[in-house]
Every structure is written in structure tokens, then in C-alpha cells.
Amino acid sequence: MADTLNLVTISGSLRSGSYNTMLLRALPALAPPALRFTALDWSAVPIYNGDVEKAGIPEVVRGLHAAVRGSDGLIIATPEYNHGVPGPLKNVLDWLSVGKSPHGLYGVPVAVCGCSNGTIGTTRSQAMLRQTLAALNAPALPFPQVLVATAQDRFDAEGKLTHEATREFVATWLVEVERWMRKFPRGER
């Protein structure tokens with residue numbers, strides 16, 4: 001199992017101080033040696049509109065499709081807004097579901113995690129996100145779940161994950177992420 005896995009990541013928040021982005025930045029230091037991570041920038045993705053799609057999928061979206069399809073898997077860190085997935089993140093997933101078959105997410109293994117400053121983490125948004133991924137045939141790691149609650153107490157002022165129990169749990173989760181991604185070899189993309 002020494003072969004490198006190249007995973008792409010999407011933070012569900014564009015906020016400069018996003019705890020979800022901070023969590024994704026912490027992954028390389030906590031991951032098994034075979035995992036490599038590339039953060040995807042989706043800040044320029046337009047709001048989905050069928051007319052725009054019909055006129056031609058925007059270049060930024062085509063780039064995301066290529067990055068996800070060319071990866072060994074995807075990790076999504078989602079916040080929870082009003083008991084659900086943030087609209088901008090759902091918009092990116094909608095864009096990744098269009099175009100020539102197979103669409104950007106079809107058959108791509110996914111791991112979901114999330115942070116919030118509330119007391120139950122991102123339980124509800126992750127449940128909604130998993131429903132969307134199932135509809136797109138993007139198999140999501142079912143367990144364990146990373147639901148970082150009271151995130152404001154888990155990161156320092158520089159955005160580093162400093163809460164030791166959370167670091168240990170995320171490291172254990174990443175071992176399972178590697179196992180999950182290897183169940184879905186990405187030979188032909």
C-alpha cells in the first residue's frame with residue numbers, strides 16, 4: 001500500500017478565517033505518508049445556470065472537473081449553515097455534476113469532514129452532503145465521521161489545529177480515508 005494517493009480538497013467556506021479550510025490545511029501533517037493533498041480553488045465558480053451551461057461550461061468549472069477526475073479521491077470540509085450545506089458548496093457540486101459523462105464526481109470516492117463553532121459540529125450538513133453525493137454516485141466514507149464542534153477552541157490564532165484529541169482523531173480518520181480511497185482504484189478516468 002505504499003503507492004501515493006493524490007487527493008483533492010474542497011473547503012465549503014470561502015471565508016478567510018474558515019475553520020474548515022484550517023482543518024484541511026492540518027491534514028498533511030496528520031496523514032499517513034502515502035497521502036498527498038491539493039486544495040481546489042473554487043472562488044470564481046459562477047452561480048449555476050442552465051443557460052450558462054448550454055452556452056459552454058466555464059473554464060474554471062472545466063478545471064475543477066479535470067482536477068477531481070484526475071485525482072484518487074476528494075475530501076470535502078463543510079460548515080453548517082442553517083442546519084444544512086452552504087449554498088456555495090452545493091453550487092460547486094451542481095457544477096461538478098454537469099457535462100459529458102462521466103461527470104466530475106461520478107465514481108470518485110469522497111471523505112467528508114467539517115467544523116463549526118456550535119456544539120454538534122456539522123452533523124446535519126454532512127447528512128445532507130452525503131445525500132447529494134449518493135445521488136451523484138460519489139461513494140462517501142460512512143464512518144468514522146469528523147464533526148469538529150466548538151472549532152474556535154480547537155485552533156490557535158494562526159489557524160493551526162492545536163487541540164490534541166482532535167488531532168489524534170483526525171489522524172485516525174485519515175488512516176480510514178486512505179483505506180476508503182484504495183477501495184475505488186482510479187485506473188481509467
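The values are calculated or read from the model by the stated rules, or taken from the named source; none is laboratory data. Because the structure is predicted, anything quoted here is derived from the model rather than measured. Neighbour counts run over all protein chains shown; Cβ positions are idealised from the backbone, glycine included. Accessible surface is based on the protein model in full, side chains and every heavy atom, while ligands, DNA and RNA are left aside. Shrake-Rupley method; radii C 1.70, N 1.55, O 1.52, S 1.80 Å.
Selection within region 100-118: residues that are more than 16 Å from residue 182 (Cα to Cα) and of a type in the set (Gly, Ala, Ser). The member of this set that is modelled with the highest pLDDT is 114. Looking only at residues that are among the charged types (D, E, K, R) and within 19 Å of the chain's Cα centre (by Cα) in region 47-74, which one is nearest to residue 174 (Cα to Cα)? Once the filter is applied, the top-ranked residue is 72.
Taking residues in region 25-46 that are on the phi < 0 side of the Ramachandran plot, and partners anywhere that are among the polar types (S, T, N, Q) and open to solvent by 50 Å² or more (accessible area, probe 1.4 Å), the pairs with Cβ atoms closer than 8 Å and at least 6 places apart or on different chains are 34/4; 35/4; 36/4; 36/6; 38/6. Test residue 174 against the stated conditions and say whether it is more than 12 Å from residue 30 (Cβ to Cβ), surrounded by 15 or more Cβ atoms within 10 Å (Cβ to Cβ), touching a residue at least 12 places away in the same chain (Cβ under 8 Å) and within 17 Å of the chain's Cα centre (by Cα). Taking the combined requirement at face value, the residue does not satisfy it.
Under 21 Å from residue 36 (Cα atoms) and either more than 15 Å from the chain's Cα centre (by Cα) or in a loop (DSSP other than H, G, I, E, B) (or both) - does that describe any residue in region 114-130? Checking region 114-130: not a single residue is under 21 Å from residue 36 (Cα atoms) and either more than 15 Å from the chain's Cα centre (by Cα) or in a loop (DSSP other than H, G, I, E, B) (or both).
Scanning region 119-160 for residues that are in contact with a Ser or Thr (Cβ under 8 Å, 6 or more places away or on another chain), surrounded by fewer than 16 Cβ atoms within 10 Å (Cβ to Cβ) and of a type in the set (D, E, K, R) gives a single hit, 156.
For region 1-113, which strands (runs of 3 or more DSSP E) that fit wholly inside it have 1 or more residues that are aromatic (Phe, Trp, Tyr) and surrounded by 15 or more Cβ atoms within 10 Å (Cβ to Cβ)?
35-39
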